[in-house]
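Below you'll find the structure, written out as structure tokens, and then a few comments.
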Amino acid sequence: MRELSLQLAPILLILLVFYFILKLIFFQPLLNVIAEREARTVGAQKTAEAAQAAAKEKDKQYQDALKQARSEVYKEQESARKKFLDERAVQLKEARTKAAAVVAAAKQHTESEAVAARQEIESTVTSLAAQVARRVLQSTRPPGAPRRETR
């Protein structure tokens with residue numbers, strides 16, 4: 001057993017030296033690269049999350065600005081619509097006033113023409129009545145009387 005332990009000691013010593021050499025030359029740089037890669041990955045993830053948060057904030061600002069712009073456009077359209085309706089009401093009132101004036105003038109003209117026609121008829125009624133009476137009296141002649149022509 002002593003012989004075995006004497007053979008085992010140099011192997012263990014070689015293994016320990018080999019382990020420390022590999023640890024310093026291979027494993028330590030590899031672990032450093034892995035740690036750096038993980039740090040960069042986590043940093044990139046945090047940067048991406050920050051960029052996403054900033055993008056969400058920008059999107060929210062954009063949506064708010066869009067809502068505000070739409071409401072302003074709606075208000076402007078509503079104002080223009082009200083102005084148009086007010087102008088239209090004024091024009092309609094003016095048109096109705098003008099139409100009423102034209103109708104009143106036409107009624108007055110018609111009434112004055114009717115009065116003039118009545119006066120003319122009344123003035124000619126007596127002469128027409130006399131002419132009608134004369135013709136009626138002339139046409140009623142006794143039977144067998146000669147016919148007279150009157151002009």
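Quick note: the coordinates plus some simple rules give every number you see, no bench work behind them. Since the structure is predicted, the reported quantities are computational estimates derived from the model, not experimental observations. Every residue, glycine among them, receives a Cβ derived from its backbone with ideal geometry; neighbour counts consider all protein chains shown.
The angle between the Cα long axis of helix 28-139 and the main principal axis of the chain comes to about 0°, on a 0 to 90 degree scale. Mind sorting out which of (1) 78; (2) 52; (3) 36 is the real percent of Cα pairs over 26 Å apart computed from the coordinates? Of the listed options (1) 78; (2) 52; (3) 36, (1) comes from this structure.
By the rule of a C-alpha distance below 16 Å, with chain neighbours fewer than 8 residues away ignored, the lysines paired with LYS83 are LYS75, LYS93. Angle of helix 2-22 to the longest C-alpha principal axis of the chain, folded into 0 to 90 degrees and rounded to 10: 40°.
Each Lys and Arg contributes +1 and each Asp and Glu -1, all at the Cβ; summed about the Cα centre of the range 7-60, the dipole is approximately 100 debye. Counting only Cβ charges, +1 for Lys and Arg and -1 for Asp and Glu, the dipole size of the chain around its Cα centre is about 1320 debye.
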